[in-house]
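Student: Please read through the structure below; I'll follow up with questions.
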Amino acid sequence: MSDPVLSLENATLSLMGNAGPIDILRGISLNVSEGETLGLVGPSGSGKSSLLMVMGGLERATSGTIRALGHDLTDQTEDQLALFRRDNMGVVFQSFHLIPTMTALENVATPLELAGISDAFDRAASELETVGLSHRGDHYPAQLSGGEQQRVALARASAPRPKILLADEPTGNLDEATGQTIIDLLLGLRDRHGATLVMVTHSNELAAKCDRVLRLRDGLIDA
Ligand SMILES: Nc1ncnc2c1ncn2[C@@H]1O[C@H](COP(=O)(O)OP(=O)(O)OP(=O)(O)O)[C@@H](O)[C@H]1O
Ligand SMILES: [Mg+2]
């Protein structure tokens, strides 16, 4: 079998709170294979978003090993991690993280430009069309609804065709029909480009479409 695309060994995350350290992830080990769709479910506060951030090298694990596409993320500098993400990963954050001073189109086009793609704006426009937002390209995030911002965030993450896509509740703010569009889009990305997907979701429908679902509880994978 080929090496896993993502591999965590006993990953922990502890942050310092006012009343002492908070253990957010308490020893997570898992492998994600190439092209696999992994769902992460569990109650609010169980560590799903934190785990996704650790997998993406956006949050440094306190201990343990995180490997992605053969790179040990725990060894890398912030600059190396940023380059690695640019070239290999798309991330859809739970709170979108769109750049407020850029229009929807600019938000999607910027990572493509940074990746040296010459027709970045055309690609970005077609990506916005895919998520049903061609008419909102010149709007700023503050002028968009939550669901629209979520779709821009998905367009931005998927436009560079990343090998790994990490999505935090990608259908969380959407009505059923739009949520369905996003599910189709995510799974289409996997099917057309062989992307490996890790998604946090509260949606039973989305979870049912994953190859495997892991449940988190109190920072641990619930056996
Ligand atoms: N920066 C931080 N400082 C202190 N505690 C934090 C921080 N980030 C997260 N936590 C705590 O870590 C725990 C896990 O948070 P996380 O956001 O990963 O949960 P989640 O499973 O994604 O929840 P939800 O379903 O509500 O999004 C929570 O108890 C949260 O309060
Ligand atoms: Mg979360």
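Quick note: the coordinates plus some simple rules give every number you see, no bench work behind them. Everything numeric here is computed off the predicted structure, so don't read it as measured data. Neighbour counts are summed over all protein chains in view; Cβ atoms, including those assigned to glycine, are modelled from backbone coordinates with ideal geometry.
Student: Test of understanding: in a Gaussian network model of the chain with alpha carbons linked when under 10 Å, which of Q149, Q76, Q94 would top the mean-square fluctuation ranking?
Tutor: Among Q149, Q76, Q94, the largest GNM mean-square fluctuation belongs to Q76.
Student: Return the single residue from N107, N18, N204 with maximal mean-square fluctuation; model: Gaussian network over the chain, springs between Cα atoms under 10 Å.
Tutor: Highest fluctuation of the listed residues: N18.
Student: Relative contact order (percent) for the chain, with alpha-carbon contacts under 8 angstrom and 6 or more residues of separation?
Tutor: 29 percent
Student: Let me ask something additional. If you place +1 on the Cβ of every Lys and Arg, -1 on the Cβ of every Asp and Glu, and leave all else neutral, what size is the dipole of the range 73-223 about its Cα centre, to the nearest 20 Debye?
Tutor: 280 debye
Student: Sum -39500 (n - 2.57) across every DSSP H segment of at least 4 residues in the chain, then divide by the residue count to get the 222 nm mean residue ellipticity, nearest 500.
Tutor: My calculation for the chain gives -10500 deg cm²/dmol from helical runs alone.
Student: Report the antiparallel proportion of the DSSP beta bridges in the chain as a percent, rounded to a multiple of 5.
Tutor: Around 55 percent antiparallel, to the nearest 5.
Student: Can you work out the PRE-style zone for S44? Point 7 Å along Cα to Cβ, and I want the residues of the range 1-33 with backbone N under 17 Å.
Tutor: none
Student: Could you work out Rg/(2.2 N^0.38 Å) for the chain, with Rg from alpha carbons only?
Tutor: Against the empirical 2.2 N^0.38 Å value, I get 0.99 for the chain.
Student: Okay, next question. With label points built 7 Å along Cα→Cβ from the Cα atoms of H139 and R217, find their separation and express it in nm.
Tutor: 4.1 nm
Student: Among residues other than M102 whose Cβ falls under 15 Å from its Cβ, what is the net charge (Lys/Arg +1, Asp/Glu -1)?
Tutor: -3
Student: Would you mind computing, in nm to one decimal, how far apart the modelled labels at H97 and H71 are, each placed 7 Å from Cα along Cα→Cβ?
Tutor: Rounded to a tenth, the inter-label distance reads 1.5 nm.
Student: Taking only Cα atoms and a 10 Å spring cutoff, compute GNM fluctuations for the chain and point out the largest among G70, G27, G146.
Tutor: Judging by the Gaussian network model, the answer is G70.
Student: Between H193 and M16, how high is the FRET efficiency from 1/(1 + (r/R0)^6) when r is the Cβ-Cβ distance and R₀ = 35 Å? Nearest 0.05.
Tutor: 0.30
Student: Where in the range 1-16 does the label zone of S63 land, with the point 7 angstrom along Cα→C-beta and an amide N cut-off under 15 Å?
Tutor: 9-15
Student: Same structure again: Set the Förster distance to 25 Å, then compute FRET efficiency between A82 and R26 from the Cβ-Cβ distance, nearest 0.05.
Tutor: That gives a FRET efficiency of 0.35.
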